[in-house]
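Asks: First the structure, then my questions, so here it is.
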Amino acid sequence: MKDLISIADLTSDDIQNLIKSAIALKHGGRRPLLEGKILALIFEKPSLRTRVSFDVAMKQLGGHAIYLSQAEVGLGEREPIADVARVLSRYVDGIVARTFANQSVALLARHATVPVINGLSDEEHPCQVLSDLLTIYEKKGGLEGLTVAYIGDANNVANSLLLACSLTGVEFSIASPKGYGPKEEVLALARKNGGQILIAEDAKQAVQGADVVYTDVWTSMGQEAEAARRRSAFARYQVNEELLSLAKKDVIFMHPLPAHQGEEIAEGLLDSPHSVVFDQAENRLHMQKAILVELLG
Ligand code: CP
Ligand code: NVA
């Protein structure tokens, strides 16, 4: 494994090993496993969790991170992506990139001689979902046989989650408005992995028997012009206490954040007894460490 671009590049064993490593790093105290290593963070879109957790992870592992905004790098604008990849490979030990087009981060990986990690693209958010599996594993004591219900837009996070569930024996049900459901190619990949997938008629059906209810924003970064249309299309897909009451009694509620209260979640839902969103956010740090040690160590 040189890069981490898509969950589809991983095996079930890769995921299990990353979860084990993240747990060991979380509880094992700070060790300088990446002493002297330098990570470049290239971000075309804003970020709180991904940027800070990678930066802190590098520092706690004895390394260093350099943040580069799109205004500085001009990925594909100031110079070709292939040249950025080849130049950065002469300076740093790894690259995390958050891009609009998935092709941009894939191109970086193709031309870089150092590992490239997808820090979110329009198609996938693999680091988010690997840390989410860690959270589910911790909260439920394992993964096999669980059911995750995803309510809302079949976006980057949903794609990665669908693929990751299919690799780890987690059943996946999804409810989305017409036109916003999962793409056939993602479903085909997940089914090839043996994934059990239910495309539900509505949110109530999707959450029946669910161990985890997961949602994300209706309007992802880069889709702002569609916000009004999306608000009306998704109006019946809000996650609230009433919806959670239809899932298993001990259901946990997850969201990658940032959240829009009053849209995809009801006001106050982040503080529901079912909500694990801040433990989920913390686990970004522990999983970033596992990913970094695997690829840069
Ligand atoms: N969940 C997540 O990736 O958050 P950021 O966009 O703040 O990095
Ligand atoms: N789907 C969201 C996730 C943010 C972490 C977006 O792409 O904006």
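Asks: Mind listing which trypsin sites (Lys or Arg not before Pro) in the range 45-137 are in a DSSP loop and have 16 or fewer other Cβ atoms within 10 Å? Please report the intermediate quantities before stating the final value.
Replies: Working: sites: Arg49, Arg51, Lys59, Arg78, Arg86, Arg90, Arg98, Arg110; in loops: Arg78, Arg90.
Of the trypsin sites (Lys or Arg not before Pro), the ones in loops of the range 45-137 whose Cβ has at most 16 other Cβ atoms within 10 Å are Arg78, Arg90.
Asks: Which of Tyr91, Tyr150, Tyr237 moves most in a GNM of the chain, Cα contacts under 10 Å?
Replies: Of Tyr91, Tyr150, Tyr237, the most mobile in the Gaussian network model is Tyr91.
Asks: Please work out how much length the chain gains when fully extended from Glu35 to Ile199, using 0.36 nm per residue of separation minus the C-alpha to C-alpha distance, in nm with one decimal.
Replies: Length difference between fully extended and current span is 54.4 nm.
Asks: Sticking with this one: Counting Lys +1, Arg +1, Asp -1, Glu -1, what net charge surrounds Thr113 among other residues with beta carbon under 12 Å of its beta carbon?
Replies: Value of the local net charge: +2.
Asks: Do any trypsin sites (Lys or Arg not before Pro) in the range 196-249 lie in a loop, going by DSSP, with at most 12 other beta-carbon atoms within 10 Å of their beta carbon, and if so which?
Replies: Taking the range 196-249 and a limit of 12 other Cβ atoms within 10 Å, the loop trypsin sites (Lys or Arg not before Pro) found are Lys249.
Asks: Bin by bin, in steps of 5 Å, what percent of the Cα pairs in the chain do you find, going until the bin that has the longest distance?
Replies: Going out from 0 Å in 5 Å bins, the chain shows 1, 6, 13, 17, 19, 17, 13, 9, 5, 2, 0 percent.
Asks: Need one number: nm distance between label points at Ile66 and Arg191, each 7 Å from Cα along Cα→Cβ, rounded to one decimal.
Replies: About 4.7 nm, to one decimal.
Asks: Still on this model: Considering the Cα positions of the range 1-102, please state its Rg to one decimal place and its Dmax as a whole number of Å.
Replies: According to the Cα coordinates of the range 1-102, Rg and Dmax are 14.9, 43 Å.
Asks: For the range 164-246, take N as its residue count and report Rg(C-alpha) divided by 2.2 N^0.38 Å. Walk me through the intermediate numbers first.
Replies: Numbers: Rg = 13.7 Å, N = 83, 2.2 N^0.38 = 11.8 Å.
For the range 164-246, the normalised Cα radius of gyration comes out at 1.16.
Asks: Something else about it: Quantify, in whole percent, the carbon and sulfur part of the accessible surface of the chain (1.4 Å probe; protein heavy atoms only).
Replies: On the way: 6280 of 12690 Å².
Carbon-and-sulfur percentage of accessible area, whole number: 50.
Asks: Right, something else. Take the range 214-297, drop everything but the C-alpha atoms, weight them equally and run the Debye formula without solvent; then report log10 I(q)/I(0) at 0.13, 0.16, 0.17, 0.25 Å⁻¹ to two decimals.
Replies: Per q value, in the given order, log10 I(q)/I(0) is -0.52, -0.72, -0.78, -1.17.
Asks: Calculate the tail of P(r) for the range 106-151: the fraction of all Cα-Cα distances greater than 15 Å, expressed in %.
Replies: When every Cα pair of the range 106-151 is considered, 60 percent fall beyond 15 Å.
Asks: With every protein chain left in place, what is the accessible area per residue of the chain in square angstrom, probe 1.4 Å?
Replies: On the way: 12690 Å² over 297 residues.
The answer is 43 Å² per residue.
Asks: Next question. Between exposed GluC sites (Glu not before Pro) in the chain, where DSSP calls loop and at most 14 other Cβ atoms lie within 10 Å, what's the longest gap? Please report the intermediate quantities before stating the final value.
Replies: Details: sites that count: Glu35, Glu77, Glu144, Glu201, Glu267.
Longest site-free region, per DSSP loop and neighbour criteria: 78-143.
Asks: Mean residue ellipticity at 222 nm from the helices of the chain, using -39,500 (n - 2.57) per DSSP H segment of n ≥ 4 over the full residue count, to the nearest 500 deg cm²/dmol? Can you show the working numbers first?
Replies: On the way: 12 runs with 122 residues, N = 297.
Dividing the helical sum by the residues of the chain leaves -12000 deg cm²/dmol.
Asks: Quick check of the Kirkwood formula: for the range 224-272, what is the inverse mean of 1/r over all pairs of different Cα atoms, in Å? Walk me through the numbers on the way to the answer.
Replies: Working: mean 1/r = 0.0841 Å⁻¹.
Evaluated on the range 224-272, it is 11.9 Å.
The values are calculated or read from the model by the stated rules, or taken from the named source; none is laboratory data. Owing to the predicted nature of the structure, the values given are computational and were not obtained by experimental measurement. Note that each Cβ is placed from the backbone with ideal geometry, even for glycine, and that neighbours are counted across all protein chains shown. What goes into the accessible areas is simple: the full protein's heavy atoms, side chains included, and nothing from ligands, DNA or RNA. Shrake-Rupley method; radii C 1.70, N 1.55, O 1.52, S 1.80 Å.
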